[in-house]
2 protein chains.
Amino acid sequence: MEEQIVKAIQDDYPDSFAWCYGCGRLNEEGHHFRTGWKGENTVTVYTPSKDHLALPGFVYGGLIASLIDCHGTGSAALALHRKNGHEPGDGSEPPRFVTASLKVDFLKPTPHGVPLKAIGTVEEIHPKKWKVATEVFANDELCVRGEVVAVVMPSTFLKKD
Amino acid sequence: MEEQIVKAIQDDYPDSFAWCYGCGRLNEEGHHFRTGWKGENTVTVYTPSKDHLALPGFVYGGLIASLIDCHGTGSAALALHRKNGHEPGDGSEPPRFVTASLKVDFLKPTPHGVPLKAIGTVEEIHPKKWKVATEVFANDELCVRGEVVAVVMPSTFLKKD
């Protein structure tokens, strides 16, 4: 049974920020990654589709990189939101982050057909720049390690269109 | 007009290795990235779908990471194949690689709606381990820089199923 994230930061993004292919709730074709707190860590759980293969039996690395990416920006948003005195679902609009850099180490082949669990540890580098170290587990086995440096979304991003 | 890769390494992979969501020609739902030589560099060209958004107007970072990932393994395969005296389309089966690590630096937002061009520079670390430095351009503007360390696929990968 897949663990559920009850209150995810992505549920609270305004509609204009909800189109991400990875974690946007309004992107019908996307993955709908959802990231919440689990104590002092962040967590995103996702079961790859039947097509998300590298080879038969193993998960596609680009999908795992995508999971780490959105888990990273979501985790940074959770952390800054908490620093500002807020939790997901409390009715306040969370900060939004974009990815500056992404690093993924594939430690072992990730088995396909089971939920993947990304667990994040968030560290503030400075108020607008956060680092998220992520471990991705399948069947409680560590398969992939990732790191995202996320920055508060520059206002220029929403000026286009 | 999107530049075409005439002879891609992925066209020559055996069917058992053609299921990758990123670059497998047999994965109907996948991206079908195709990687070929352009002089001493490697190139993959891909136009994101209408859904591959980060925000309206900009390409999803996880898609770009996926492009860099498969471009990296394909580039490493091209390079080892050439070292062995072969070119894509010459009827010989190419070596196959998996990703050990992936690094992506998002230098600026990548505009959506135009072809992305990944250009790779391949370096041999040792005969079974290659490094691919990649630059991703949109409208001839450098938007993302990536690095993949790819290793020759361990035989254990194909033992499963």
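The values are calculated or read from the model by the stated rules, or taken from the named source; none is laboratory data. No experiment lies behind these values; they were computed from the predicted model shown. Glycine gets a Cβ as well: all are built from the backbone with ideal geometry, and neighbour counts include every protein chain shown. Note: accessible area is taken over every heavy atom of the protein model, side chains too, but ligands, DNA and RNA are not part of it. Shrake-Rupley method; radii C 1.70, N 1.55, O 1.52, S 1.80 Å.
The table below lists the values:
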item: Selection status of B:VAL43, at pLDDT below 95 and away from chain A (no Cβ under 13 Å); result: no
item: Every pair of residues 6+ apart whose Cβ atoms lie under 8 Å, when the first sits in region A:135-147 and is farther than 25 Å from A:VAL98 by Cα and among the polar types (S, T, N, Q) while the second is part of a loop (DSSP other than H, G, I, E, B) and open to solvent by less than 90 Å² (accessible area, probe 1.4 Å); result: A:ASN139/A:VAL114
item: Single match in A:GLU87, A:GLU141, A:GLU93 (criterion: among the acidic types (Asp, Glu) and under 25 Å from B:PHE106 (Cβ atoms)); result: A:GLU93
item: Test: residue in region A:121-139 that is within 24 Å of B:TYR60 (Cα to Cα), within 14 Å of the chain's Cα centre (by Cα) and facing chain B (nearest Cβ under 10 Å); result: no
item: All positions within region B:1-25 that are open to solvent by 20 Å² or more (accessible area, probe 1.4 Å), in a loop (DSSP other than H, G, I, E, B) and either of a type in the set (Gly, Ala, Ser) or within 13 Å of A:ALA54 (Cβ to Cβ) (or both); result: B:TRP19, B:TYR21
item: Test: residue in region B:52-59 that is within 7 Å of chain A (Cβ to nearest Cβ), part of a loop (DSSP other than H, G, I, E, B) and in contact (Cβ under 8 Å) with a residue 60 or more places away in the chain; result: yes
item: For A:ASP90: the one exception among (1) more than 7 Å from every other protein chain (Cβ to nearest Cβ); (2) in contact (Cβ under 8 Å) with a residue 12 or more places away in the chain; (3) at negative phi; result: (2)
item: Residues that are part of a strand (DSSP E or B) and surrounded by fewer than 18 Cβ atoms within 10 Å (Cβ to Cβ), drawn from region B:26-51; result: B:LYS38, B:ASN41
